[in-house]
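Since the structure comes first, as structure tokens, the remarks are kept for the end.
The values are calculated or read from the model by the stated rules, or taken from the named source; none is laboratory data. Note that the structure is predicted; figures quoted are calculated from it, not measured. Counting neighbours? That spans all protein chains shown, and the Cβs are built from the backbone with ideal geometry, glycine included. Each accessible area value is taken on the protein alone, full model and side chains, heavy atoms only, with ligands, DNA and RNA left out. Shrake-Rupley method; radii C 1.70, N 1.55, O 1.52, S 1.80 Å.
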Amino acid sequence: MPLMTARMSILALVCMATGTCAFAGRVLKVGEGCEFARPSQAAAVARDGDRIVIGKGVYAGDVCRWTACGLDIRGAGPEATIIDAKGRCCGGKGTWVVSGDGVRISGVAFTGAKCRDRNGAGIRLEGCGLVVSNCLFSANENGILTGASETGRIQVVDSVFRGNGAEDGYSHNIYVGAVRALEMVRCKSDHALAGHCLKSRARENRIIECVFADGDDGRSSYLADFPNGGDVQVRDCRFVQSPAASNGTMLSIGEECPSPGSSLVIRGGSFENRRATGVEVWHAPGVTVRRE
């Protein structure tokens, strides 16, 4: 088997097994006085398994594509490492387009992503598998937007999504395509601009200790939407619907094309409706819903 083919096969097996591609690599430092002044410069030379350490600063108008697998991209925290796209986008898709597999991103704030099709994302995932932790997404047309992947697993931990959307109802704080699994843990998502705070087409969804709360002034549509149904578990989450919400439903499952055997399990948590009318949970016929 040719070397490149063998390497690609190994990467595929690692992705399917763990959702990541782990390789020992170099450390590339970004920031003032470092080898690379801007993240895009590091992205251009990054190899599989490299760690990219991005220092404090506002990286204005710096958009790029990350192509290597198994990257570990670390900022100094979302209050310190800020990628402000300033209305620019990479490839007509977003601020960071991640086409490598098994990439991890932490400690970065993303803002200002806009594209011609009004679908610009802070992170646009085209690869297999992504882990995002301690990040902030605000004032983008989408916070995170992913494509479809039968084996892809998305994990989002300790991150905040606020005020994303193009105000057209088709862009959201976070929009996960038809991947194998999504896990959100201890995240906050609110004030989506006419879109959803969470939209996921993943086959398996685990939403744990998250807050979807628009307060008294938010205009989000669904707080959480699972249009394809699937296996959805929501545990110890808080949902607060604003009086100004553009849709009366807080959580919806299966309104488009629910997969056979779709189910929703809600454990703990709370729902608070501040709208004059509305429902906590809407589900399509055939979807099993259980509260524990």
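Only the Cβ atoms of Lys and Arg (+1) and of Asp and Glu (-1) were treated as charged; on that basis the dipole of the chain about its Cα centre amounts to roughly 500 debye. A simple count of charges around Trp96, restricted to other residues whose Cβ falls under 13 Å of its Cβ and scoring Lys, Arg +1 and Asp, Glu -1, yields +3.
Between Cys34 and Asp158, the FRET efficiency from the beta-carbon distance, with R0 = 30 Å, is close to 0.70. Cα extents for the chain along the principal axes, largest to smallest and rounded to whole angstrom: 56, 43, 32.
A crude spin-label estimate for the pair Arg267 and Thr151, with each label 7 Å from Cα along the Cβ direction, gives 2.9 nm. Between the residues Cys89, Val27, Ala139, the greatest Cα displacement towards the positive end of the dipole of the chain, with unit charges on the Cβ of Lys, Arg, Asp and Glu, is found for Val27. When its C-alpha radius of gyration is set against 2.2 N^0.38 Å (N residues), segment 151-292 gives a value of 0.93. Judged by the mean number of other Cβ atoms found within 10 Å, the most tightly packed of the peptides 175-183, 258-266 leads the ranking 175-183, 258-266. Over segment 53-92, accessible surface divided per residue gives 40 Å², non-protein components excluded, 1.4 Å probe. Ordering Cys64, Gly269, Ile253 by Cα displacement along the dipole of the chain toward the positive end leaves Cys64 in first place; charges were set at the Cβ atoms of Lys, Arg (+1) and Asp, Glu (-1).
Charging the Cβ of each Asp and Glu at -1 and of each Lys and Arg at +1, and nothing else, the dipole of segment 65-182 about its Cα centre rounds to 200 debye. The value of relative contact order for segment 20-128, using C-alpha pairs under 8 Å at least six residues apart, is 24 percent. In degrees from 0 to 90, rounded to the nearest 10, what is the angle of the helix 3-18 Cα long axis to the longest principal axis of the chain? Taking Cα atoms only, the helix is inclined about 30 degrees.
Taking all protein chains into account, the per residue accessible area for segment 102-202 stands at 31 Å² (1.4 Å probe).
Between the alpha-carbon centres of segment 234-289 and segment 85-105 there is a gap of 31 Å. Other residues lying with their Cβ under 13 Å from the Cβ of Asn273 contribute a combined charge of -1, Lys and Arg counting +1, Asp and Glu -1. With a Förster radius of 45 Å applied to the C-beta separation of Glu79 and Thr288, the computed FRET efficiency comes to 0.60.
Expressed as a whole percent, the accessible surface of the chain that belongs to carbon and sulfur atoms is 51, based on a 1.4 Å probe.
Simple point charges give the picture: +1 on the Cβ of Lys and Arg, -1 on the Cβ of Asp and Glu, and for segment 206-253 a dipole about the Cα centre of about 80 debye.
Taking amide H as placed 1.01 Å from N in the peptide plane, Ser220 has its amide H under 5 Å from the amide H of His191, Ala192, Ala194, Ser246, each at least 5 places away in sequence or on another chain.
Modelled this way, with points 7 Å down the Cα-to-C-beta line, the labels at Arg206 and Arg235 are 0.7 nm from one another.
When the chain is described by a simple charge dipole with +1 on each Lys and Arg Cβ and -1 on each Asp and Glu Cβ, the residue from Gly75, Ser149, Gly229 located farthest towards its positive end is Gly75. Near Asp168, once Lys and Arg are set to +1 and Asp and Glu to -1 for all other residues with Cβ below 10 Å from its Cβ, the sum equals -1. Size descriptor for segment 233-282, Kirkwood hydrodynamic radius: 12.0 Å (Cα pairs only, one decimal).
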